[in-house]
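Engineer: Quick one: structure below, then a few questions.
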Amino acid sequence: MYMKRILVSLLSLLTAVSFAAAQSSVYDFTVKDANGADVSLSAYRGKVLLVVNTATKCGFTPQYKELQAAYEKYKDLGFEILDFPCNQFGEQAPGTNAEIAEFCTENYHTTFPQFLKIDVNGENASPFWRYLYAQKGFEGFGKGMSAGMMDSMMKRRDKDYASKPEIKWNFTKFLVDRQGKVIARFEPTADEKEWDVAIKSIL
């Protein structure tokens, strides 16, 4: 029975990965908004996108302020931020979607689109997110104190973590160009200037 459950889980995972791999751009995916309604990402065709998994009780949560600043600076140039709350990392995104939205608007005055809370890793991971990290895998946390702390924490969980493409923590960001291609990935430890420069370069 135990082996059967493992095989079923593996089959489900392989099916999801195969589906994600078959897609040619982000526009091939449908996600759910904060109310659970389907949203085709083709609605964002022609825009530059920054896709991010967020959490309301994380050390990186203040990045909401940086995200909102970037949104206000570039939204009139065809830029969108797609916010996907995720509770998989330290259970730091508790609460309902309504509670998360209220927290974000009250504390950081966010105005960019927020979607339904999802899993980004594991057998229940969003196919869209599987696609994102299949296009741009993990390349390291960079340098600095926060990068060193993240590296140490991840190694305690999995000594081979760096060889795997999955999402490592909250506030991982993917930059998508106007053709729907994933062109860059930024770990939560990346300085705001890194992704700001990248956004500006393709607007």
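The values are calculated or read from the model by the stated rules, or taken from the named source; none is laboratory data. Computed from a predicted structure; not experimentally measured. Neighbour counts are summed over all protein chains in view; Cβ atoms, including those assigned to glycine, are modelled from backbone coordinates with ideal geometry. Areas reflect the complete protein model, heavy atoms only, side chains present, ligands, DNA and RNA absent. Shrake-Rupley method; radii C 1.70, N 1.55, O 1.52, S 1.80 Å.
Engineer: Show the residue pairs that are 6+ apart or on different chains and have beta-carbon atoms under 8 Å apart, the first residue being within the range 97-112 and in contact (Cβ under 8 Å) with a residue 60 or more places away in the chain, the second being surrounded by fewer than 12 Cβ atoms within 10 Å (Cβ to Cβ) and assigned to a loop (DSSP other than H, G, I, E, B).
Structural biologist: Correct list of pairs: Asn97/Asn35.
Engineer: Which members of the range 113-137 meet the condition of being among the acidic types (Asp, Glu) and either part of a helix (DSSP H, G or I) or more than 20 Å from Ala34 (Cα to Cα) (or both)? Walk me through it before giving the result.
Structural biologist: To start, the set of residues in the range 113-137 that are among the acidic types (Asp, Glu) comprises 119, 123.
Answer for the range 113-137, where residues must be among the acidic types (Asp, Glu) and either part of a helix (DSSP H, G or I) or more than 20 Å from Ala34 (Cα to Cα) (or both): just Glu123.
Engineer: Among the β-branched types (Val, Ile, Thr) and open to solvent by less than 60 Å² (accessible area, probe 1.4 Å): which single residue out of Thr110, Thr105 fits that description? Lay out the reasoning, then the answer.
Structural biologist: Values: Thr105 fails: open to solvent by less than 60 Å² (accessible area, probe 1.4 Å).
Just one listed residue meets the conditions, Thr110.
Engineer: Closer than 22 Å to Leu41 by Cα and open to solvent by 20 Å² or more (accessible area, probe 1.4 Å): is that true of Ala125 in this structure?
Structural biologist: Values: closer than 22 Å to Leu41 by Cα: yes; open to solvent by 20 Å² or more (accessible area, probe 1.4 Å): no.
It is false that Ala125 is closer than 22 Å to Leu41 by Cα and open to solvent by 20 Å² or more (accessible area, probe 1.4 Å).
Engineer: Does Met149 satisfy being without any contact (Cβ under 8 Å) to a residue 60 or more places away in the chain, open to solvent by less than 50 Å² (accessible area, probe 1.4 Å), out of contact with any helix residue (DSSP H, G or I) (no Cβ under 7 Å at 6 or more places or on another chain) and not charged (D, E, K, R)? Steps first, answer last, please.
Structural biologist: Details: without any contact (Cβ under 8 Å) to a residue 60 or more places away in the chain: yes; open to solvent by less than 50 Å² (accessible area, probe 1.4 Å): no; out of contact with any helix residue (DSSP H, G or I) (no Cβ under 7 Å at 6 or more places or on another chain): yes; not charged (D, E, K, R): yes.
Taking the combined requirement at face value, the residue does not satisfy it.
Engineer: Keeping to the range 185-203, report how many residues are of a type in the set (A, V, I, L, M) and either in contact with a Phe, Trp or Tyr (Cβ under 7 Å, 6 or more places away or on another chain) or at pLDDT below 95 (or both). Reasoning before the result, please.
Structural biologist: Within the range 185-203, the first condition is being of a type in the set (A, V, I, L, M), and the residues that meet it are 190, 197-199, 202-203.
Checking the rest, the ones that are also either in contact with a Phe, Trp or Tyr (Cβ under 7 Å, 6 or more places away or on another chain) or at pLDDT below 95 (or both) come to 199, 203.
Counting residues in the range 185-203 that are of a type in the set (A, V, I, L, M) and either in contact with a Phe, Trp or Tyr (Cβ under 7 Å, 6 or more places away or on another chain) or at pLDDT below 95 (or both) gives 2.
Engineer: Let me ask something additional. Just checking, how many residues over the range 23-73 are outside any loop (DSSP other than H, G, I, E, B) and in contact with a Pro (Cβ under 8 Å, 6 or more places away or on another chain)?
Structural biologist: Total satisfying the criteria: 4.
Engineer: Can you find even one residue in the range 160-170 that is in contact with a Cys (Cβ under 6 Å, 6 or more places away or on another chain), at pLDDT 95 or above and assigned to a loop (DSSP other than H, G, I, E, B)? Let's see the steps before the verdict.
Structural biologist: Taking the range 160-170 as the starting set, the residues that turn out to be in contact with a Cys (Cβ under 6 Å, 6 or more places away or on another chain) are 170.
This time we only want the ones that are at pLDDT 95 or above, so: 170.
Checking the rest, the ones that are also assigned to a loop (DSSP other than H, G, I, E, B) come to 170.
Yes, some residue in the range 160-170 is in contact with a Cys (Cβ under 6 Å, 6 or more places away or on another chain), at pLDDT 95 or above and assigned to a loop (DSSP other than H, G, I, E, B).
Engineer: Here is a follow-up. Any idea which residue in the range 80-99 is surrounded by the most Cβ atoms within 10 Å (Cβ to Cβ), counting only those that are within 16 Å of the chain's Cα centre (by Cα) and aliphatic (A, V, I, L, M)?
Structural biologist: My answer is Ala93.
Engineer: Can you find even one residue in the range 173-188 that is open to solvent by 30 Å² or more (accessible area, probe 1.4 Å) and free of Cβ contacts under 8 Å to residues at least 60 places away in the same chain?
Structural biologist: Looking through the range 173-188, at least one residue is open to solvent by 30 Å² or more (accessible area, probe 1.4 Å) and free of Cβ contacts under 8 Å to residues at least 60 places away in the same chain.
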